[in-house]
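In what follows, a single structure is set out as structure tokens and then discussed.
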Amino acid sequence: MRAFLVLLARNRLALAGGVVMSLVLLLVLLTPILPLADPDVTNTSNRFQPIFSDGALLGTDHLGRDLLSRLMWGTRLSLAVGFAAAIVAATLGAAIGIIAGFYGGRTDNIIMRGVDMLMAFPYILLALAIVAALGPGLFNALIAVAAVNVPFFARNIRGITVGIAHKEFVDAARLAGLSNTRIILSEILPNVIPVIVIAMSTTIGWMILETAGLSFLGLGSQPPQADLGSMLGEARSALITNPHTSIVPGMMILIIVMSINLLGDGVRDALDPRLKSGALSRPMATTKVDRKGAVPEPTGKGLLEVQGLETQFHVKDRVYRAVGGVDLHVEKGECLGIIGESGSGKSVTALSLMGLVASPPGVITGGAVHYDGEDLIGAPYRRLRDMRGRNVAYIFQDPLATLHPLYRVGDQLIEAIRSHRPIGKAEGQAKAVELLRAVRIPNAEKRVSDYPHEMSGGMRQRVGIAMALANDPDIIIADEPTTALDVTVQAQVLTILDDLRRSRGLAIVFITHDFGVVAQLCDRVAVMYAGRVVEEGSTKDILQAPRHPYTARLMACVPELGGGKRRLEAITGLPPAVDRLPEGCAFADRCLKVQTECRRGKIPLDWQGDRKVRCLYPEQGTREAAE
Ligand code: ADP
Ligand code: MG
């Protein structure tokens with residue numbers, strides 16, 4: 001709730017609308033106790049007094065009634081009717097929409113055709129017809145305005161409900177044995193309430209106008225009772241001779257509708273869940289770069305060289321140091337593993353390379369990423385876009401989320417190629433089949449016209465790899481590509497990647513949390529902890545003799561087939577929160593060998609024999625010896 005108000009207040013126009021609306025509401029609430037003249041007492045000897053005349057601040061109307069008093073009481077009435085109509089319309093409309101959307105099938109059909117029939121009539125005509133049938137009067141006007149707005153709410157809410165009714169959490173509720181009523185109340189309703197509020201906030205202004213319109217025509221409030229519409233209607237005959245009698249209620253309508261609409265737009269923006277995380281701004285095309293220190297010069301090590309990369313998330317006044325100075329490099333045709341617990345900054349590191357971290361809140365605050373000698377951090381968007389997919393391609397964990405559900409996989413492959421070079425239809429199709437063959441999808445000619453949902457998880461991940469291969473990149477960054485797959489499929493996918501690397505000279509940066517996978521695929525491995533590399537060296541050396549206590553503990557967590565009975569050691573405690581990193585070694589709190597020096601200053605990543613380690617008291621000896 002507080003976050004919502006803060007977000008709302010950040011929108012200046014909405015804030016202004018809110019302030020004006022609150023003032024108006026305060027005034028109309030205080031109307032009964034303000035020292036105002038009776039709004040209905042006529043005094044024909046005193047008619048058409050101008051504004052600022054004695055005893056009548058806003059003048060008098062054609063019957064000598066005090067305009068200020070009539071305005072206040074009239075506004076009170078108009079707002080009350082408008083709000084009541086909005087609440088009635090929203091409640092009824094939402095109920096109809098939820099029932100139609102939730103039950104679907106014939107219920108949906110019957111209800112929605114009825115709604116469509118109502119919608120087929122022009123708005124105001126329908127309202128007029130309803131009032132004509134019920135007879136003039138403010139209450140009947142309220143019914144009419146509410147009725148003509150019900151279809152709008154019903155349509156909106158039905159659409160949202162249809163989307164939610166087939167989500168997994170609703171299925172889960174069904175499996176748990178909840179009744180339909182309970183599911184609607186506890187699962188569906190909370191999800192549509194924001195939409196109802198949004199629809200209401202943007203239509204209340206309309207409803208006040210419609211009520212005023214009916215009153216203007218004499219079908220709403222009846223004399224002598226004043227509402228804004230009837231005041232305008234009565235002033236119509238004196239529009240030229242005494243314009244103030246029209247201007248006073250007219251201005252009020254303008255002020256109310258303007259402020260409600262501004263506020264309503266603000267509420268919609270602030271409540272829209274898609275806008276929540278990124279405040280009110282869209283992510284930029286590339287990650288924001290704000291480098292404070294000097295930019296490191298390339299040393300020419302490797303095809304891709306990362307030096308001192310720092311990526312932070314700036315959320316409100318907090319700074320999350322997700323990546324705090326990472327050095328890596330990968331040679332042509334080499335496979336570099338990045339391993340670490342969840343949250344250690346592996347994905348953010350990988351996404352930073354091509355400027356793919358969402359900004360806001362992401363900011364690259366230091367370091368350099370040299371690709372073939374060219375610094376990619378801060379490179380113009382056009383350059384990065386040109387390189388994404390063509391020089392450096394990504395494979396992500398969940399292939400279903402990366403593939404578009406409505407296009408055939410072949411077309412998606414062709415699209416990936418087309419974003420970098422024009423390609424004809426036949427050639428594209430041939431290339432798509434060739435790519436699917438390269439990732440060993442059996443029966444590629446047929447599978448190329450499958451939709452993603454027709455494939456199994458392993459097949460989809462192969463398509464993901466094929467897509468990464470589409471433009472013959474030099475480097476593939478694979479972010480836990482096998483985590484969602486079972487072990488046998490994982491083994492097949494790893495074999496494919498390994499073969500591709502050898503046959504095409506691909507460099508692979510393979511991110512995982514599984515030492516087994518590293519052992520199978522990677523030449524070198526970098527162990528990450530709390531946004532930093534804590535140990536880096538050849539896979540063989542590290543597997544044989546981990547030096548950093550964290551690496552050693554991480555490896556002790558992996559079970560070995562045929563390794564005999566051995567206690568699997570879970571690492572106790574949690575990694576530090578990246579917005580409150582401790583001084584010294586980030587692993588100190590969980591380390592069994594921690595000393596006082598470990599908690600002081602900055603501990604460097606130094607060469608220790610065959611590898612680099614960020615530890616003052618590294619492990620000695622090999623694993624076999626330790627066991
Ligand atoms: P992993 O190693 O599991 O891939 P990530 O690179 O995804 O970890 O995340 C590294 C750290 O960055 C985590 O502590 C995470 O909480 C933080 N982080 C990631 N995205 C955001 C974000 N949008 N806002 C704030 N913190 C984030
Ligand atoms: Mg990750």
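The values are calculated or read from the model by the stated rules, or taken from the named source; none is laboratory data. Remember, predicted model here, so these are calculated numbers, not experimental data. Cβ placement follows ideal geometry from the backbone for every residue including glycine, while neighbour counts extend to all protein chains displayed.
Return a yes/no flag: does region 101-108 have any residue that is crowded, with 19+ Cβ neighbours inside 10 Å, in the same structural domain as LEU185 (by TED's automatic domain parsing) and either touching a Ser or Thr at 6+ places or on another chain (Cβ under 9 Å) or under 30 Å from ALA212 (Cβ atoms) (or both). Yes, region 101-108 has at least one match. Among the residues of region 495-514, those identified as crowded, with 22+ Cβ neighbours inside 10 Å and within 16 Å of ligand 1 (Cβ to nearest atom) are VAL509, PHE510, ILE511, THR512.
Only a single criterion out of (1) over 30 Å from LEU494 (Cβ atoms); (2) more than 10 Å from ligand 1 (Cβ to nearest atom); (3) touching a residue at least 24 places away in the same chain (Cβ under 8 Å) is not satisfied by LEU303, namely (1). Here no helices (runs of 4 or more DSSP H) wholly within region 373-427 include at least 1 residues being without any contact (Cβ under 8 Å) to a residue 24 or more places away in the chain, under 24 Å from the mean Cα position of the chain (by Cα) and more than 25 Å from VAL348 (Cα to Cα). Within region 500-518, residues that are at positive phi reach partners that are buried (at least 19 other Cβ atoms within 10 Å of the Cβ) and in a loop (DSSP other than H, G, I, E, B) with beta carbons closer than 9 Å, at six or more positions or on different chains, in the pairs GLY505/ASP474. Screening the candidates VAL348, VAL323 for the property of being within 16 Å of ligand 2 (Cβ to nearest atom), buried (at least 20 other Cβ atoms within 10 Å of the Cβ) and either closer than 19 Å to MET387 by Cα or modelled with pLDDT under 90 (or both) yields one hit, VAL348. Taken over region 327-345, residues that are surrounded by 17 or more Cβ atoms within 10 Å (Cβ to Cβ) and away from ligand 2 (no atom under 11 Å from the Cβ) amount to 9. Applying the condition of being more than 19 Å from ASP227 (Cβ to Cβ) and either among the basic types (Lys, Arg) or over 52 Å from the mean Cα position of the chain (by Cα) (or both) to region 52-78 and asking which residue is surrounded by the fewest Cβ atoms within 10 Å (Cβ to Cβ) yields ASP54. Return the total of residues in region 410-440 being modelled with pLDDT of 90 or more and β-branched (Val, Ile, Thr). Count: 3.
Is it fair to say PRO32 is loosely packed, with under 13 Cβ neighbours inside 10 Å and assigned to a loop (DSSP other than H, G, I, E, B)? Criteria not met by PRO32.
Could you tell me how many of the residues in region 356-372 are in a loop (DSSP other than H, G, I, E, B) and within 15 Å of ligand 1 (Cβ to nearest atom)?
Looking only at that region, the number is 6.
Exactly one residue out of ALA9, ALA14, ALA85, ALA37 is assigned by TED's automatic domain parsing to the domain that holds PRO224, of a type in the set (A, V, I, L, M) and touching a Ser or Thr at 6+ places or on another chain (Cβ under 8 Å), and it is ALA85. For region 379-398, filtered to residues that are more than 25 Å from ARG291 (Cα to Cα) and touching a His at 6+ places or on another chain (Cβ under 8 Å), the residue that is farthest from ligand 2 (Cβ to nearest atom) is ARG390. State which residue pairs qualify: first residue within 17 Å of ILE96 (Cβ to Cβ) and inside region 116-127, second residue surrounded by 12 or more Cβ atoms within 10 Å (Cβ to Cβ) in any location, beta carbons under 6 Å apart, and separation of 6 or more residues or different chains. That search, which allows pairs on different chains as well, returns LEU118/PRO151; MET119/PRO151; LEU126/VAL148.
Counting only residues that are surrounded by fewer than 14 Cβ atoms within 10 Å (Cβ to Cβ) and within 16 Å of ligand 1 (Cβ to nearest atom), region 583-617 holds 0 of them. Residue check: is LYS565 loosely packed, with under 11 Cβ neighbours inside 10 Å and either at pLDDT below 85 or over 39 Å from the mean Cα position of the chain (by Cα) (or both)? Yes, satisfied. Selection of region 226-249 for residues being surrounded by 17 or more Cβ atoms within 10 Å (Cβ to Cβ), out of contact with any strand residue (DSSP E or B) (no Cβ under 9 Å at 6 or more places or on another chain) and in contact (Cβ under 8 Å) with a residue 60 or more places away in the chain yields ALA226, ASP227, LEU228, GLY229, SER230, MET231, GLU234, ALA235, ASN242, HIS244, VAL248, PRO249.
Table: residues versus (1) within 16 Å of ligand 1 (Cβ to nearest atom); (2) among the acidic types (Asp, Glu); (3) in the same structural domain as ILE571 (by TED's automatic domain parsing).
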| residue | (1), (2), (3) |
| --- | --- |
| PHE313 | yes, no, no |
| GLY324 | yes, no, no |
| ASP327 | no, yes, no |
| ILE339 | yes, no, no |
| GLY345 | yes, no, no |
| LEU351 | yes, no, no |
| MET354 | yes, no, no |
| ARG383 | no, no, no |
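Of the strands (runs of 3 or more DSSP E) lying entirely inside region 291-354, the ones with 3 or more residues being under 28 Å from the mean Cα position of the chain (by Cα) are found at 304-315, 318-330.
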